[in-house]
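Asks: Take this structure, written in structure tokens, and hold onto it; I'll ask about it next.
The values are calculated or read from the model by the stated rules, or taken from the named source; none is laboratory data. As the structure is a prediction and not an experimental result, all values here were calculated from the model. For neighbour counting, all protein chains shown are included, and Cβ atoms are generated from backbone atoms with ideal geometry for every residue, glycine included.
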Amino acid sequence: MDLADGLIDHPYDVYRRLRDSAPVHRIAGPDGTPAWLVTRYEDVRAALADPRLSLDRSHATAGTYKGFALPPALDANLLNMDPPDHTRIRRLVGRAFTPGRVQELRAPVRRTADRLLDALGPHGSADLIASYAAPLPIAVICDLLGIPEDHRPDFRGWTDTLMAPDPAHPEAGRQAMVSMLGFLTGLLADKRKEPADDLLSDLIAVRDEGDRLSEDELMSLAFLILFAGYENTVHLIGNAILGLLRNPEQLAALREDPARLPAAVEEFARHEGPTLLAIRRFPTENVTIGDVTVPAGETVWVSLSAANRDPDRFPDPDRLDLGRDTSGHLALGHGIHYCLGAPLARAETEIALAALLERLPDLALAADEVRWRPSLRARGLVALPVTY
């Protein structure tokens with residue numbers, strides 16, 4: 001099957017049919033090359049933790065995977081690495097996302113949320129993606145990394161272009177990548193000359209048993225933190241708001257008891273998470289998934305959203321239920337590649353929703369239909385028109 005068939009507008013219908021018919025399917029992947037798609041919860045969870053399924057493209061059989069080509073300076077990132085390099089680099093940056101560090105960021109995140117809501121005015125209409133869900137994580141991740149205010153609009157434009165590339169204008173994506181690379185090169189040079197109290201300065205100086213990050217590792221890590229820190233969180237916030245507005249009884253229950261917000265964020269992530277497909281993997285040997293043996297070197301895609309809607313794991317999975325037991329959901333991954341920024345993404349979403357519930361009591365959708373970004377991997381809204 002062609003993975004693009006119906007997946008953008010109706011992914012859960014597509015995944016339901018696939019789950020019901022077989023554990024693993026032979027498909028045409030996002031880049032048009034053959035791949036294997038895994039959709040059932042138990043198989044997806046096992047695949048995410050299987051060390052035989054490598055993220056390193058060197059294990060791909062020649063000619064079987066094209067994928068999106070990053071410049072070499074941005075390619076040495078955690079999404080293309082296995083241990084031991086993955087372990088070393090993740091340990092270096094992990095200190096930025098500890099529970100204590102995230103707790104310190106909660107007050108600044110709320111101040112940013114309030115500032116953005118102040119700009120909306122007391123009543124009217126807005127696109128909550130453009131005016132709230134997108135600028136909030138941009139501000140947070142840029143503050144964390146030490147990116148100057150005047151460069152943030154450029155960064156958001158480049159990231160939006162890379163998140164939803166237009167096949168009719170491939171040059172726009174390439175130019176955005178070149179611009180971002182040039183920006184990061186200059187930013188890192190500035191941080192070397194004048195270190196500050198931010199994550200990029202820390203990463204430049206950090207040592208792990210006497211071994212610094214290589215130049216490509218440092219550049220790639222900065223790119224990944226910027227890009228993933230923005231993309232996943234904007235989608236999680238936007239999708240959560242949409243879920244509440246489409247389920248007024250759940251919205252009313254949350255307004256009545258805001259203490260339920262942390263648990264609610266887990267259900268938002270399970271029900272309409274920010275990622276349809278996890279990063280591709282390549283078996284280092286023949287691997288049996290379900291009842292299918294996948295040959296070494298071929299491309300494997302695992303669907304986080306299909307697993308999170310598997311009725312064998314989550315009863316009545318298509319229903320948004322803020323009282324549900326969401327333990328074990330896979331929206332932010334599983335195993336050694338579990339989302340490094342998950343604690344920050346959760347905190348940002350919780351705070352963004354809390355501010356919205358407090359300050360916009362008459363929030364309502366202003367459109368019968370919404371448009372989803374034309375991506376086979378990410379799940380996010382183009383816009384979220386509301387009245388308030």
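Asks: What helices (runs of 4 or more DSSP H), lying completely within region 170-270, carry at least 2 residues that are of a type in the set (Val, Ile, Thr)? So that I can check it myself, show each step before the final result.
Replies: Numbers: elements: 170-193, 199-205, 215-246, 248-256.
Filter on region 170-270 gives 170-193, 215-246.
Asks: Quick one: in region 28-43, of everything that is modelled with pLDDT of 90 or more and farther than 15 Å from PHE282 by Cβ, which residue is surrounded by the fewest Cβ atoms within 10 Å (Cβ to Cβ)?
Replies: Among residues in region 28-43 that are modelled with pLDDT of 90 or more and farther than 15 Å from PHE282 by Cβ, the one surrounded by the fewest Cβ atoms within 10 Å (Cβ to Cβ) is GLU42.
Asks: While we're on this one: Just checking, which of LEU363, LEU344, LEU356 is farther than 26 Å from VAL38 by Cβ, under 13 Å from the mean Cα position of the chain (by Cα) and not hydroxyl-bearing (Ser, Thr, Tyr)?
Replies: Details: LEU363 fails: under 13 Å from the mean Cα position of the chain (by Cα); LEU356 fails: under 13 Å from the mean Cα position of the chain (by Cα).
The unique qualifying residue is LEU344.
Asks: Taking region 334-362 only, how many residues are modelled with pLDDT under 95 and part of a loop (DSSP other than H, G, I, E, B)?
Replies: So the count comes out to 7.
Asks: Among the numbered criteria (1) more than 19 Å from ILE129 (Cα to Cα); (2) of a type outside the set (Lys, Arg); (3) touching a Ser or Thr at 6+ places or on another chain (Cβ under 6 Å), which one does LEU236 miss?
Replies: Evaluating LEU236 over (1) more than 19 Å from ILE129 (Cα to Cα); (2) of a type outside the set (Lys, Arg); (3) touching a Ser or Thr at 6+ places or on another chain (Cβ under 6 Å) leaves (1) as the failure.
Asks: While we're looking at this one, here's another question. Can you tell me how many residues within region 283-303 are in contact with a helix residue (DSSP H, G or I) (Cβ under 7 Å, 6 or more places away or on another chain) and crowded, with 24+ Cβ neighbours inside 10 Å?
Replies: The qualifying residues number 2.
Asks: Kindly provide the set of residues from region 129-143 that are within 16 Å of ASN232 (Cα to Cα) and in a helix (DSSP H, G or I), ordered by number. Steps first, please.
Replies: Of region 129-143, the ones within 16 Å of ASN232 (Cα to Cα) are 129-130, 132-142.
ILE129, ALA130, TYR132, ALA133, PRO135, LEU136, PRO137, ILE138, ALA139, VAL140, ILE141, CYS142, listed by residue number.
Asks: A further question follows. Any idea which residue in region 331-388 is farthest from SER54 (Cα to Cα), counting only those that are acidic (Asp, Glu) and surrounded by fewer than 20 Cβ atoms within 10 Å (Cβ to Cβ)?
Replies: The qualifying residue farthest from SER54 (Cα to Cα) is ASP362.
Asks: Out of the residues in region 257-277 that are hydrophobic (A, V, I, L, M, F, W, C) and over 16 Å from ALA355 (Cβ atoms), which is surrounded by the most Cβ atoms within 10 Å (Cβ to Cβ)? Even if it seems obvious, please write down each step before you answer.
Replies: Residues of region 257-277 hydrophobic (A, V, I, L, M, F, W, C): 259, 261, 263-265, 268-269, 276-277.
Okay, now just the ones that are also over 16 Å from ALA355 (Cβ atoms), so 263, 269, 276-277.
Working: ALA263: 14, ALA269: 26, LEU276: 24, LEU277: 24.
Residue satisfying both the conditions and the ranking: ALA269.
Asks: Now for a separate question. From ALA139, ALA228, grab the single residue that is crowded, with 18+ Cβ neighbours inside 10 Å, within 24 Å of ALA107 (Cα to Cα), free of Cβ contacts under 8 Å to residues at least 60 places away in the same chain and within 20 Å of the chain's Cα centre (by Cα).
Replies: Going through ALA139, ALA228 in turn, just one is crowded, with 18+ Cβ neighbours inside 10 Å, within 24 Å of ALA107 (Cα to Cα), free of Cβ contacts under 8 Å to residues at least 60 places away in the same chain and within 20 Å of the chain's Cα centre (by Cα): ALA139.
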